[in-house]
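Only one structure is covered here, and it is reproduced in the block below.
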Amino acid sequence: MSEVSKAGRRPDVIRWAITVAMLVGALAVLYVILSAVIVPNGPANLETLKRGKLEKLEITKAPKPPPPTVFKDGDGKDVTIASFKGKVTVVNFWATWCAPCLLEMPTFSRLAATYDGQPVAIVAISIDKDDKDMQARAFMAKNRPLKFYRDASGSMPFLLDPPAQGMPTTVIYDKKGVERARVSGEADWSGPEAMELVRSLLAEP
């Protein structure tokens, strides 16, 4: 092969090498983008969130549906926890006589505000009796965007499986409507661990 022929092929080889390099680079960028947005199959590993402000988090070993108990919304309409299926639902049982309940409620308000407009429901259910209804409503009005719900029978948290050990009790349901975790006692629901918990369940298929 003549020197002229070899020299003529060099630009083609260089162009080919540049094209391959650009293609590899584009594929690498695409991989990074897809890795960031594609949700892996399978449930989130919530065990890693038992730390910091969610150190009391108890992972539900055998996910189960919520009790079918009917409670009331602020307008007196019947509601069940299953009504929120399709959303990550954080159910908090509280009462005006429960000091830790009152302390943690503003953190639920901040959690609700953070995920406003997304498929997330923060459902705070008062178990106060009728004579405390107005007091409970007034308290919730100070913690918007939370809405008022009540179970005047006071029995709902004790129909959970297993029953609640006391107040407050918070139960987390995934988008399929099954219990995935709970917290017995007060927690900070505006902390990074709680935000990550909701975000992890939102990311599940």
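Can you confirm whether G117 is at positive phi and either modelled with pLDDT under 95 or touching a Leu at 6+ places or on another chain (Cβ under 9 Å) (or both)?
On the way: at positive phi: yes; either modelled with pLDDT under 95 or touching a Leu at 6+ places or on another chain (Cβ under 9 Å) (or both): no.
Judged against the criteria, G117 is not a match.
A quick yes/no check of all residues on (1) exposed (fewer than 10 other Cβ atoms within 10 Å of the Cβ); (2) at pLDDT 95 or above; (3) hydroxyl-bearing (S, T, Y); (4) under 19 Å from the mean Cα position of the chain (by Cα):
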residue: G8; (1), (2), (3), (4): no, no, no, no
residue: R15; (1), (2), (3), (4): no, no, no, no
residue: L30; (1), (2), (3), (4): no, no, no, no
residue: L34; (1), (2), (3), (4): yes, no, no, no
residue: N45; (1), (2), (3), (4): yes, no, no, yes
residue: G52; (1), (2), (3), (4): no, no, no, yes
residue: K72; (1), (2), (3), (4): no, yes, no, no
residue: D78; (1), (2), (3), (4): yes, yes, no, no
residue: V90; (1), (2), (3), (4): no, yes, no, yes
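Filtering segment 166-180 to residues that are over 25 Å from W97 (Cα atoms) and either aliphatic (A, V, I, L, M) or free of Cβ contacts under 8 Å to residues at least 60 places away in the same chain (or both) leaves only V178. G117 falls short on exactly one of the conditions (1) within 18 Å of T169 (Cβ to Cβ); (2) part of a loop (DSSP other than H, G, I, E, B), and that condition is (1). Checking each residue in segment 126-167 for being touching a strand residue (DSSP E or B) at 6+ places or on another chain (Cβ under 8 Å), under 14 Å from K72 (Cα atoms) and either small (G, A, S) or not in a loop (DSSP other than H, G, I, E, B) (or both) picks out S126, D133, A136, Y149, R150, A152, M156.
Considering (1) touching a Pro at 6+ places or on another chain (Cβ under 6 Å); (2) surrounded by fewer than 18 Cβ atoms within 10 Å (Cβ to Cβ), the lone condition that P205 does not fulfil carries the number (1).
Of the residues A187, A141, only one is in the same structural domain as P106 (by TED's automatic domain parsing) and loosely packed, with under 14 Cβ neighbours inside 10 Å; which?
Working: A187 fails: loosely packed, with under 14 Cβ neighbours inside 10 Å.
Just one listed residue meets the conditions, A141.
Could you go through segment 108-120 and let me know if any residue there is within 23 Å of D75 (Cα to Cα), touching a strand residue (DSSP E or B) at 6+ places or on another chain (Cβ under 6 Å) and β-branched (V, I, T). Yes, segment 108-120 contains a residue that is within 23 Å of D75 (Cα to Cα), touching a strand residue (DSSP E or B) at 6+ places or on another chain (Cβ under 6 Å) and β-branched (V, I, T).
Please go through segment 189-205 and pick out each residue that is in a helix (DSSP H, G or I) and touching a residue at least 60 places away in the same chain (Cβ under 8 Å). Quick ask: steps written out before the conclusion?
Initial filter on segment 189-205 (in a helix (DSSP H, G or I)): 192-203.
Matches in segment 189-205: P192, E193, A194, M195, E196, L197, V198, S200, L201, L202, A203.
Can G177 be described as within 19 Å of L57 (Cβ to Cβ), in contact with a helix residue (DSSP H, G or I) (Cβ under 7 Å, 6 or more places away or on another chain) and not basic (K, R)? Full working, then the answer.
Values: within 19 Å of L57 (Cβ to Cβ): no; in contact with a helix residue (DSSP H, G or I) (Cβ under 7 Å, 6 or more places away or on another chain): yes; not basic (K, R): yes.
When the stated conditions are applied, G177 does not pass them.
Conditions tested, residue by residue: (1) of a type in the set (D, E, K, R); (2) free of Cβ contacts under 8 Å to residues at least 40 places away in the same chain; (3) in contact with a helix residue (DSSP H, G or I) (Cβ under 9 Å, 6 or more places away or on another chain).
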{"site": "V90", "(1), (2), (3)": "no, no, yes"}
{"site": "A95", "(1), (2), (3)": "no, no, yes"}
{"site": "L102", "(1), (2), (3)": "no, yes, yes"}
{"site": "M105", "(1), (2), (3)": "no, no, yes"}
{"site": "D116", "(1), (2), (3)": "yes, yes, no"}
{"site": "A124", "(1), (2), (3)": "no, yes, yes"}
{"site": "D133", "(1), (2), (3)": "yes, yes, no"}
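The condition of being more than 20 Å from G86 (Cβ to Cβ), assigned by TED's automatic domain parsing to the domain that holds F84 and either of a type in the set (D, E, K, R) or assigned to a helix (DSSP H, G or I) (or both) holds for M105. Hey, any hits in segment 151-161 for a residue that's hydroxyl-bearing (S, T, Y), buried (at least 16 other Cβ atoms within 10 Å of the Cβ) and on the phi < 0 side of the Ramachandran plot? Checked against the condition, which is being hydroxyl-bearing (S, T, Y), buried (at least 16 other Cβ atoms within 10 Å of the Cβ) and on the phi < 0 side of the Ramachandran plot, segment 151-161 yields no hits at all.
The values are calculated or read from the model by the stated rules, or taken from the named source; none is laboratory data. Quick caveat: nothing in here was measured; it's all calculated off a predicted structure. Don't worry about glycine lacking a Cβ; one is built from the backbone with ideal geometry, like all the others, and counts go over all protein chains shown.
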